[in-house]
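Everything on this sheet refers to the single structure shown next.
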C-alpha cells in the first residue's frame with residue numbers, strides 16, 4: 001500500500017475537468033485508489049466521489065493506492081497533481 | 001472514520017432552534033464560543049448543594065424545577081454561594097427549563113464567569129430528550145462508503161462492488177421501477193445506536209448520479225420527488241461481483257455473510273454478475289425476502305421443515321405431482 005500527500009496546484013481546484021482526468025487515470029490501473037480529505041475517503045475511480053472533495057487550490061489530499069500496479073498508479077496521479085492538471089497554476 | 005470532538009454552544013443553540021425547532025432564549029447574551037464535548041447532560045443538584053467531587057462540569061448543565069426551587073428556598077447570600085459552587089467551573093452553558101427564571105444576581109454571576117445562560121418553556125424531560133438526541137447525532141461516528149443506497153420496498157439496500165460493475169445502473173433501474181434513491185457513489189454512514197446505521201448523501205452531490213457513457217444525471221429533476229429520499233437506515237448490503245467459477249455461492253440460505261461498517265454487522269448478499277441476469281429484480285427479491293424474514297417467515301427454513309416431514313412420514317415416496325388428476329382446468 002502506498003500513501004502520499006498531494007497538493008492541488010491549479011487555480012480553479014478540482015472542478016469537473018480535473019476530476020474526470022483523475023478518474024480516467026485511476027481507472028487505467030487494477031489497484032484500488034482512494035483519495036482522502038479530512039472526513040471523506042472516496043474511491044478515485046468515481047467522478048462523483050472525486051468532486052465531493054471540492055478541493056480548492058492549496059488543498060492537501062492523501063492518496064492511498066493498493067494493488068499490484070500501485071507504484072505506477074501513484075506516480076501517474078502524482079504527475080497529474082504536479083502539472084496542475086495542465087491548467088493555469 | 002470521522003467523529004466530531006466538539007461543537008460550540010452557539011452552534012448547538014442555533015441548530016436546536018432551526019432544526020429541532022426547540023425555542024431557546026438567550027438570557028445573558030454573551031459570546032457562546034465555549035465548546036460542548038459530549039452528548040451527556042447534567043443536572044447539578046449536588047454541586048449546587050456544595051458537593052463538587054466528580055462534578056461533570058464539562059457537560060451542558062440543565063436547571064429544572066428541582067434546582068430552581070432549591071435555589072429559591074435559600075436566602076440571597078446562600079443562593080449566591082450555591083450558584084458559585086457551579087460557576088467556579090468552566091461550564092459550557094446553563095439551560096433553565098420549564099419556564100423557570102434565574103434571579104438576576106445569579107445570571108450576573110454566570111455572565112461574569114463567561115458562562116452563557118439560556119432558558120426554555122419546554123418541560124425538563126422533554127427538553128433533555130431533544131437535546132440529547134441532537135448531541136448524540138452530532139457526536140456520532142461517521143464514515144464515507146463507496147456504493148449506492150436505495151430504499152427498496154422500505155428496506156435500505158446498500159449496493160457495493162468494484163468500480164464499473166454497474167452499481168449506479170442498478171440504482172437507476174430500481175428508481176425507474178418506483179424505488180427511491182438515497183445517494184449514489186458517496187454515502188455518508190452515521191452510527192446511531194449500537195446496531196443502527198443511517199445513510200445519506202452529501203450536501204454537494206445530493207441526488208446527482210454518474211452513469212458511465214452518459215455523464216451526470218440529476219435523479220430528482222428527472223424522476224421527481226417520488227424517486228428520492230434524504231436518509232435511510234442501511235439494512236442489507238448487496239455485494240455485486242463478477243462471477244467467479246471457483247467461488248461457492250449460497251444455494252439455500254440467502255444471507256450468510258455479514259459486512260461491517262463502523263462496528264455494525266450488516267447482513268450481506270453476494271450477487272454474482274452473469275450475462276442476462278436482472279440484478280434489479282434480484283434486489284427487489286432480496287428486499288422482499290428480508291421483509292418476510294423480519295415478519296417471521298424464512299423460506300429456507302419452511303422448505304427444510306417440509307422436506308424433513310416428507311422424509312419422516314412418507315418413507316416410500318419421492319415427490320409426486322402436485323395435483324391428483326386434471327379434473328377441470330379451474331385456473
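Throughout, read-outs are computed from the coordinates displayed, never taken from laboratory work. Everything quoted here is computed from the prediction, not taken from an experiment. Neighbour counts are summed over all protein chains in view; Cβ atoms, including those assigned to glycine, are modelled from backbone coordinates with ideal geometry.
Before moving on, here are some points about what is shown:
- Taking the helices alone, chain B has a mean residue ellipticity at 222 nm of -9500 deg cm²/dmol, built from -39,500 (n - 2.57) per DSSP H run of at least 4 residues and averaged over all its residues.
- Crossing angle, helix B:76-87 versus chain B [Cα axis fit, 0-90 degrees, rounded to tens]: 40
- Among beta bridges that DSSP assigns inside chain B, antiparallel share in %, nearest 5: 65
- 0 to 90° range, to nearest 10: angle between helix B:124-138 axis and chain B longest Cα axis: 60
- Partner chain coverage, peptide A:34-45 - average Cβ within 10 angstrom: 4
- Rounded to 5, percent antiparallel among DSSP beta bridges of the stretch B:1-129: 35
- Footprinting exposure proxy for B:223, B:11 (fewest neighbouring C-beta atoms within 10 Å first): B:11, B:223
- Taken over the Cα atoms of chain A, the convex hull encloses 72 Å³ per residue.
- Peptide packing for B:163-176, B:41-54 was compared via the average number of neighbouring C-beta atoms within 10 Å per residue; ordered from the highest value, the list is B:163-176, B:41-54.
- Its residues counted as N, the stretch B:61-174 yields a C-alpha radius of gyration over 2.2 N^0.38 Å of 1.82.
- Take the Cβ atoms of residue B:282 and residue B:129, set R0 to 56 Å, and the FRET efficiency comes out at 0.85.
- Rounded FRET efficiency, nearest 0.05, which uses the C-beta distance separating residue B:196 from residue B:319 and R0 of 35 Å: 0.20
- Calculated [222 nm] ellipticity per residue, helices only, for chain A: -10500 deg cm²/dmol; basis is -39500 (n - 2.57) per DSSP H run with n ≥ 4, divided by all residues, nearest 500.
- Panel values: the stretch B:151-190, Kirkwood radius from alpha carbon pairs, Stokes-Einstein at 25 °C and 0.890 mPa s, translational diffusion coefficient 229 µm²/s.
- Here the simple spin-label model places points 7 Å from the Cα toward Cβ, and for residue A:38 and residue A:57 these points are separated by 2.1 nm.
- Per-residue Cβ neighbour rank within 10 angstrom, fewest leading, B:283, B:143, B:93: B:143, B:93, B:283
- For the stretch B:37-118, convex hull of alpha carbons as volume per residue, Å³: 84
- Rounded to 5, percent antiparallel among DSSP beta bridges of the protein assembly as shown: 70
- Once the Kirkwood radius over Cα pairs is known for the protein assembly as shown, the Stokes-Einstein relation at 37 °C and 0.692 mPa s delivers a diffusion coefficient of 127 µm²/s.
- Three semi-axes describe the equivalent ellipsoid of the stretch B:17-74; taken as square roots of 5 times the Cα gyration tensor eigenvalues and ordered largest first, they are 23, 16, 12 Å.
- Based on alpha-carbon atoms, the Kirkwood radius and the radius of gyration of chain B give Rg/Rh equal to 1.18.
- Ranked by how many other Cβ atoms sit within 10 Å of their own Cβ, fewest first, the residues B:252, B:115, B:30, A:22 fall in the order B:252, B:30, B:115, A:22.
- The mean count of C-beta atoms from other chains within 10 Å of the C-beta of residues in B:145-151, rounded to a whole number, is 2.
- For A:23-29, mean number of other protein chain Cβ atoms within 10 Å: 1
- Dimensions (Å) - the stretch B:191-331, Cα atoms, principal axes, largest first: 66, 41, 35
- Principal-axis analysis of the Cα atoms of chain B puts helix B:167-176 at an angle of about 90° to the longest axis.
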